[in-house]
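The values are calculated or read from the model by the stated rules, or taken from the named source; none is laboratory data. Computed from a predicted structure; not experimentally measured. Heads up, the Cβs are rebuilt from the backbone with ideal geometry, glycines too, and the neighbour counts pull from every protein chain shown.
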Amino acid sequence: MKISRNSLTDAVGKGILNPGQDDALWAFLADQSAHTPSFKPAHILYYLGGLIAIGAMSLFMTLGWEQFRGGGLLAIASAYCVVALGLTEYLLNHRRLPLPAGLTAALAVVVVPLAVYGAQHLLGYWPELTDQDNYREFHRRIDWRWMFMEAATLAAGAAVLWRYRLPFSVMPVAVTLWYISMDLTPILFGGDEAEFFSQRARVVSTVFGALMVVGAFVVDLRTRRDRDFAFWLYLFGVLTFWGGLSSLDSDSELGKAVYAAVNLLLIAIGATLSRRVFAVFGGLGFAGYLGHLAYSVFQGSMLFPLALTAIGLGVIAAGAYWQKHEAAIGHALRRWLPLALQELLEQRAA
Amino acid sequence: MNPWLKAAAGTALLLVPLLANAAAATSPVGLWKTVDDKTHTVTGLVRITEANRQLTGRVERVLDPKAKPGARCKPCTDERHDQPIEGLTILRGVRPSTDEPGVWEDGDILEPKTGKIYRVRLQVKEGGKVLEVRGYLGFFYRNQYWQRQE
């Protein structure tokens with residue numbers, strides 16, 4: 001539910017609030033939401049600046065920096081980390097600005113793999129690497145040898161979260177877990193497969209993504225009265241799970257139907273938990289399945305478009321019924337859930 | 001013969017193998033051994049040829065001890081479906097990069113075992129002895145390293 005300034009003025013007009021109460025209530029709500037990310041110019045500038053700085057030290061790292069060699073990269077990354085942590089302390093303790101503090105804390109975590117990469121070069125861990133295998137490839141190349149950098153990033157992320165408890169610091173942790181889901185298979189099964197992207201690696205990614213989603217749910221449940229620490233974990237967990245699942249071979253029509261059912265389940269989970277990411281990926285997957293039906297299975301059918309239209313209208317009718325009886329249905333469904341989960345759902349739906 | 005001409009002809013003859021070696025050091029053309037990253041066994045031989053500035057690679061021999069004799073590409077989905085793996089074209093449309101010298105890209109590679117096709121990038125390394133074969137899945141990639149046979 002979104003409350004606007006006009007809604008409060010209308011409430012005064014209808015006698016629900018006394019004149020003056022609307023101003024006080026609006027000031028109270030504005031103060032409460034000042035530190036919650038929203039589409040405000042200040043917040044957009046925070047995130048734009050933060051993402052540029054984070055990108056500069058990760059995805060947009062240039063090849064020129066390889067000239068600093070191991071020791072130079074380690075020193076630069078360590079200096080960045082110290083400065084970012086200093087900024088976080090300053091923004092949090094002196095300026096009371098948790099949003100930009102979360103971004104600088106995330107920057108401190110983002111430079112950790114660069115520091116480890118520099119240290120590994122210094123110790124001669126990458127002897128076979130040539131000019132084509134540089135730090136920038138960490139974000140694109142699937143290779144189990146990145147695992148030390150990833151483990152160090154997770155440890156740094158956990159330390160930063162323990163120290164500052166800022167939700168945006170979860171972002172580098174979630175991205176790193178996504179990378180691990182791709183690099184993990186050779187470690188689990190002893191060596192790289194002959195194929196580029198083996199079926200086993202795809203299954204590992206799918207299972208890892210499902211575990212990330214479960215982990216995100218546990219975090220969501222445990223921080224239900226706090227800020228949103230689960231957002232990034234849900235986002236990259238669903239991306240990992242859905243990406244792995246969608247890349248799996250399913251030669252049979254039954255397999256494809258199961259894939260469609262899983263995507264519908266994702267939409268249902270998204271609706272229950274009020275998390276759009278499930279609905280977006282579930283919608284994409286289900287649309288892909290419908291495309292398969294239209295272009296392969298029922299290519300020459302006259303009835304398929306009519307049947308699909310009827311199903312679509314049926315779903316709209318179900319939505320209309322749901323809206324009319326939402327309170328009763330919600331109450332009936334939530335009755336069966338544990339109290340903590342009931343509280344979480346009410347919190348997120350608000 | 002004029003002694004200067006003799007010397008020039010001799011120098012040219014000496015340069016031919018050097019130039020040939022230099023070409024081999026950057027060109028993926030030739031016969032390559034494919035190697036299983038996990039077991040380090042040679043799984044096959046692939047011959048890469050060039051025509052009209054485009055590379056094509058065909059499986060010359062299957063050496064994988066686990067492969068069935070006369071195996072066919074059952075999982076392939078295009079015109080290569082059910083074709084014998086020996087003789088199968090697995091690399092095609094690979095062109096020299098306009099940005100990176102020594103890099104060949106824009107083509108695709110077929111994995112006969114799975115029938116999957118990936119965007120590919122080739123680069124000869126280690127003085128022509130190793131071919132880095134990069135397969136892409138969206139934004140991400142993995143490398144295989146083939147060894148020069150001839």
message: Take the conditions in a loop (DSSP other than H, G, I, E, B) and in contact with an Asp or Glu (Cβ under 8 Å, 6 or more places away or on another chain) and apply them to B:T114. Does it pass?
response: yes
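Taking B:P69 as the residue in question, decide whether it is out of contact with any Gly (no Cβ under 9 Å at 6 or more places or on another chain), assigned to a loop (DSSP other than H, G, I, E, B) and in contact (Cβ under 8 Å) with a residue 24 or more places away in the chain.
Spelling it out, it is not the case that B:P69 is out of contact with any Gly (no Cβ under 9 Å at 6 or more places or on another chain), assigned to a loop (DSSP other than H, G, I, E, B) and in contact (Cβ under 8 Å) with a residue 24 or more places away in the chain.
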message: Pairs please, first residue from the range A:302-322 and free of Cβ contacts under 8 Å to residues at least 60 places away in the same chain and under 15 Å from A:L290 (Cβ atoms), second anywhere and assigned to a helix (DSSP H, G or I) and among the hydrophobic types (A, V, I, L, M, F, W, C), Cβ atoms under 9 Å, 6+ apart in sequence or on different chains.
response: A:F304/A:L293; A:F304/A:A294; A:F304/A:V297; A:P305/A:A294; A:L308/A:L290; A:L308/A:L293; A:L308/A:A294
- prompt: Out of all the residues in the range A:87-100, is one or more at pLDDT 95 or above, under 20 Å from the mean Cα position of the chain (by Cα) and either more than 30 Å from B:D37 (Cα to Cα) or away from chain B (no Cβ under 14 Å) (or both)?
  reply: no
- prompt: If only one of A:Y135, A:Y117, A:Y179 is hydroxyl-bearing (S, T, Y), within 14 Å of chain B (Cβ to nearest Cβ) and within 22 Å of A:A56 (Cα to Cα), which one is it?
  reply: A:Y179
Every pair of residues 6+ apart whose Cβ atoms lie under 9 Å, when the first sits in the range A:247-263 and is touching a residue at least 40 places away in the same chain (Cβ under 8 Å) while the second is part of a loop (DSSP other than H, G, I, E, B) and of a type in the set (A, V, I, L, M, F, W, C): A:S247/A:F197
query: Looking at this structure, is A:G64 closer than 25 Å to B:R121 by Cα, part of a helix (DSSP H, G or I) and not hydrophobic (A, V, I, L, M, F, W, C)?
result: yes
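Among the candidates A:F189, A:F231, A:F236, which residue alone is aromatic (F, W, Y) and surrounded by fewer than 18 Cβ atoms within 10 Å (Cβ to Cβ)? Break it down stepwise before answering.
Values: A:F231 fails: surrounded by fewer than 18 Cβ atoms within 10 Å (Cβ to Cβ); A:F236 fails: surrounded by fewer than 18 Cβ atoms within 10 Å (Cβ to Cβ).
Exactly one of A:F189, A:F231, A:F236 is aromatic (F, W, Y) and surrounded by fewer than 18 Cβ atoms within 10 Å (Cβ to Cβ), namely A:F189.
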Checking B:K74 against (1) within 12 Å of chain A (Cβ to nearest Cβ); (2) under 27 Å from A:E137 (Cα atoms); (3) surrounded by fewer than 18 Cβ atoms within 10 Å (Cβ to Cβ); (4) of a type in the set (D, E, K, R), the condition it does not meet: (2)
task: Tell me which residues, restricted to the range A:1-33, are exposed (fewer than 15 other Cβ atoms within 10 Å of the Cβ) and part of a loop (DSSP other than H, G, I, E, B).
output: A:M1, A:K2, A:I3, A:S4, A:K14, A:G15, A:I16, A:N18, A:P19, A:G20
- prompt: Quick one: how many residues across the range B:121-134 are under 11 Å from the mean Cα position of the chain (by Cα) and within 9 Å of chain A (Cβ to nearest Cβ)?
  reply: 3
One residue from A:I54, A:I44 being β-branched (V, I, T) and within 18 Å of A:A156 (Cβ to Cβ): A:I54
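Rundown of residues vs (1) at pLDDT 95 or above; (2) more than 14 Å from every other protein chain (Cβ to nearest Cβ), yes/no style:
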{"residue": "A:P186", "(1), (2)": "no, no"}
{"residue": "A:F189", "(1), (2)": "no, no"}
{"residue": "A:D192", "(1), (2)": "no, no"}
{"residue": "A:F196", "(1), (2)": "no, no"}
{"residue": "A:V214", "(1), (2)": "yes, yes"}
{"residue": "A:L235", "(1), (2)": "yes, yes"}
{"residue": "A:D249", "(1), (2)": "no, no"}
{"residue": "A:A268", "(1), (2)": "no, yes"}
field: Residue list for the range B:101-120, restricted to those being within 12 Å of chain A (Cβ to nearest Cβ), within 19 Å of B:V59 (Cβ to Cβ) and of a type outside the set (G, A, S)
entry: B:D108, B:I109, B:L110, B:E111, B:P112, B:K113, B:T114, B:K116, B:I117, B:Y118, B:V120
message: Give me the residue from the range B:24-66 that is away from chain A (no Cβ under 14 Å) and in a loop (DSSP other than H, G, I, E, B) and, out of that set, surrounded by the most Cβ atoms within 10 Å (Cβ to Cβ).
response: B:P28
query: Within the range B:114-131, can you find the residues that are out of contact with any Leu (no Cβ under 7 Å at 6 or more places or on another chain) and either at positive phi or buried (at least 19 other Cβ atoms within 10 Å of the Cβ) (or both)?
result: B:G115, B:K116, B:R121, B:Q123, B:E126, B:G127, B:G128
- request: Check whether at least one residue in the range A:287-294 is surrounded by fewer than 10 Cβ atoms within 10 Å (Cβ to Cβ), more than 29 Å from A:F231 (Cα to Cα) and out of contact with any helix residue (DSSP H, G or I) (no Cβ under 6 Å at 6 or more places or on another chain), and report yes or no.
  value: no
query: What number of residues in the range B:122-145 are out of contact with any helix residue (DSSP H, G or I) (no Cβ under 8 Å at 6 or more places or on another chain) and either at pLDDT 95 or above or part of a strand (DSSP E or B) (or both)?
result: 15
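Within the range A:231-253, is there a residue that is among the aliphatic types (A, V, I, L, M), more than 26 Å from A:M182 (Cβ to Cβ) and touching a helix residue (DSSP H, G or I) at 6+ places or on another chain (Cβ under 9 Å)?
First pass over the range A:231-253, keeping only residues among the aliphatic types (A, V, I, L, M): A:233, A:235, A:238-239, A:245, A:248.
Among the residues that remain, those that are also more than 26 Å from A:M182 (Cβ to Cβ) are: none.
Within the range A:231-253, not a single residue is among the aliphatic types (A, V, I, L, M), more than 26 Å from A:M182 (Cβ to Cβ) and touching a helix residue (DSSP H, G or I) at 6+ places or on another chain (Cβ under 9 Å).
Quick one: would you say B:R134 is crowded, with 19+ Cβ neighbours inside 10 Å and free of Cβ contacts under 8 Å to residues at least 24 places away in the same chain? Spell out how you get there, then give the answer.
Working: crowded, with 19+ Cβ neighbours inside 10 Å: yes; free of Cβ contacts under 8 Å to residues at least 24 places away in the same chain: yes.
The answer is yes for B:R134.
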